[in-house]
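Shown next, in structure tokens, is the structure this report addresses.
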Amino acid sequence: MNLSENITGVQHLGIPVVNLKEAVAWYEGNLGFKKFHEKIVMNPYKIEVAFLQLGDLVLELFQPSGSELAEVAERKDGILDHYAIDVPDLEWCVNDAVDKGLKFHASTGSGITHYEHLGKKGVKGANFVGPNQEVVEFCHDDSVDYGSKTGLQGWAHLAVKVKSLKDSMAFYEKLGFHKTGGGYLDTPEGRIEIAFVYQKGFTLELIQMVGAGLEELKTRGAGHIDHIALDVCDIEEAFYEAKKIGLQSLDYLVKELPFFQFGVKFFTVVGPDGEKVEFNQKKCLTFSRI
Ligand SMILES: [Fe+2]
Ligand SMILES: [Fe+2]
């Protein structure tokens, strides 16, 4: 089974936090996420983890300890630039968030921004600052018929800032993503080309930087958003396949952690700009025949 068939969808977005309790309270109180699992694990040092859900969007908030906690506190914006929540009634939700005291991120300092050359009919969005400086976009696609839906829905996309769309498309095509749309943003320093790539219900927004933004991107590493995890049905085979097609793995072996009912097995590779992409299989009970 090749890697793209092995991937069954998106599992979670990993966000490191300095205070787990505060971060969970922020997401539950302001955006309506619900915590459905929490655990303290050793990997190798103590990490407190909580999983939260909003529609099909799952966040893994994790608070490390010791020097890793100090490292998290100093993190800056990363290659995984922002994540976006699908919002049918954008104006209402943005006003509600502002009433709750949420602050706009500098990238959309004056609120709702219209990207007229994105998607089929344009996209509107407003970026907010999360409890650990992660950028959370409320996103409304003008070509989508949302019906009578209201409120924050779940995944819209995860945005990755890249040096080369060509290299990134080649990488994500290996994981079974294909282009579903795109567009551009004109800036004084040149045109930022954007591609949306999609695989099993999950969209990545690849943003090819130019000028000073491109230079700044070269200084970015793992930031406020740490990694994206994709579900696979057979982790050992995914590990073998990833090696076979030359993906760079951060792990020598498939690792395990005692999350959810029976634990998870996972490993992480890096994309062309250094972004971390985790492959994760939730373990389940299997009965062997006697
Ligand atoms: Fe993770
Ligand atoms: Fe976005």
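Values for this structure:
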quantity	calculated
Number of the exception - GLY246 against (1) among the small types (Gly, Ala, Ser); (2) assigned to a helix (DSSP H, G or I); (3) without any contact (Cβ under 8 Å) to a residue 12 or more places away in the chain	(2)
Matching residues, the range 192-208, being of a type in the set (Gly, Ala, Ser) and farther than 12 Å from LEU165 by Cα	GLY201
One residue from LEU152, LEU102 being open to solvent by less than 30 Å² (accessible area, probe 1.4 Å), in a loop (DSSP other than H, G, I, E, B) and hydrophobic (A, V, I, L, M, F, W, C)	LEU102
Residue that is nearest to GLY29 (Cα to Cα), among those in the range 89-99 that are in contact (Cβ under 8 Å) with a residue 40 or more places away in the chain and open to solvent by less than 60 Å² (accessible area, probe 1.4 Å)	ALA97
Flag if VAL129 is in contact with a Phe, Trp or Tyr (Cβ under 6 Å, 6 or more places away or on another chain), closer than 26 Å to ASP226 by Cα and open to solvent by less than 40 Å² (accessible area, probe 1.4 Å)	no
Selected residue (only one of ASN30, ASN43, ASN19 is open to solvent by 10 Å² or more (accessible area, probe 1.4 Å), modelled with pLDDT under 95 and more than 11 Å from LEU59 (Cα to Cα))	ASN43
Search result, residues across the range 206-237 that are of a type in the set (D, E, K, R), in contact (Cβ under 8 Å) with a residue 12 or more places away in the chain, more than 16 Å from ligand 1 (Cβ to nearest atom) and more than 18 Å from CYS284 (Cα to Cα)	LYS218, ARG220
Residue that is within 16 Å of ligand 2 (Cβ to nearest atom) and surrounded by 14 or more Cβ atoms within 10 Å (Cβ to Cβ), where the choices are PHE259, PHE267, PHE202	PHE202
Only listed residue being within 17 Å of ASP77 (Cβ to Cβ) and surrounded by fewer than 15 Cβ atoms within 10 Å (Cβ to Cβ), chosen from LYS179, LYS218	LYS218
Any hit, the range 272-286, residues being among the aromatic types (Phe, Trp, Tyr) and open to solvent by 20 Å² or more (accessible area, probe 1.4 Å)	no
Criterion violated by LYS46 - all others in (1) under 26 Å from CYS233 (Cα atoms); (2) touching a strand residue (DSSP E or B) at 6+ places or on another chain (Cβ under 7 Å) satisfied	(1)
The listed residue being within 16 Å of ligand 2 (Cβ to nearest atom), touching a strand residue (DSSP E or B) at 6+ places or on another chain (Cβ under 7 Å) and touching a residue at least 12 places away in the same chain (Cβ under 8 Å), out of LEU52, LEU59, LEU13	LEU13
Residue, surrounded by the most Cβ atoms within 10 Å (Cβ to Cβ), within the range 70-88, restricted to residues that are in contact (Cβ under 8 Å) with a residue 12 or more places away in the chain and assigned to a loop (DSSP other than H, G, I, E, B)	VAL87
The range 60-79, residues that are among the hydrophobic types (A, V, I, L, M, F, W, C) and closer than 24 Å to LYS21 by Cβ	LEU61, PHE62, LEU69, ALA70, VAL72, ALA73
Strands (runs of 3 or more DSSP E) wholly inside the range 1-69 containing at least 2 residues that are farther than 28 Å from ALA242 by Cα	34-42, 46-54
Close pairs (8 angstrom Cβ cut-off, 6 or more residues apart or separate chains): in contact (Cβ under 8 Å) with a residue 40 or more places away in the chain in the range 101-125, among the β-branched types (Val, Ile, Thr) anywhere	LEU102/VAL129; TYR115/VAL123; LEU118/ILE194; GLY125/THR108; GLY125/ILE112; GLY125/THR113
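The values are calculated or read from the model by the stated rules, or taken from the named source; none is laboratory data. The structure presented is a predicted model; accordingly, all values stated were derived computationally and were not measured. Here Cβ is always computed from backbone atoms with ideal geometry, including for glycine, and neighbour counts include all displayed protein chains. With ligands, DNA and RNA removed, areas are computed over all heavy atoms of the protein, side chains included. Shrake-Rupley method; radii C 1.70, N 1.55, O 1.52, S 1.80 Å.
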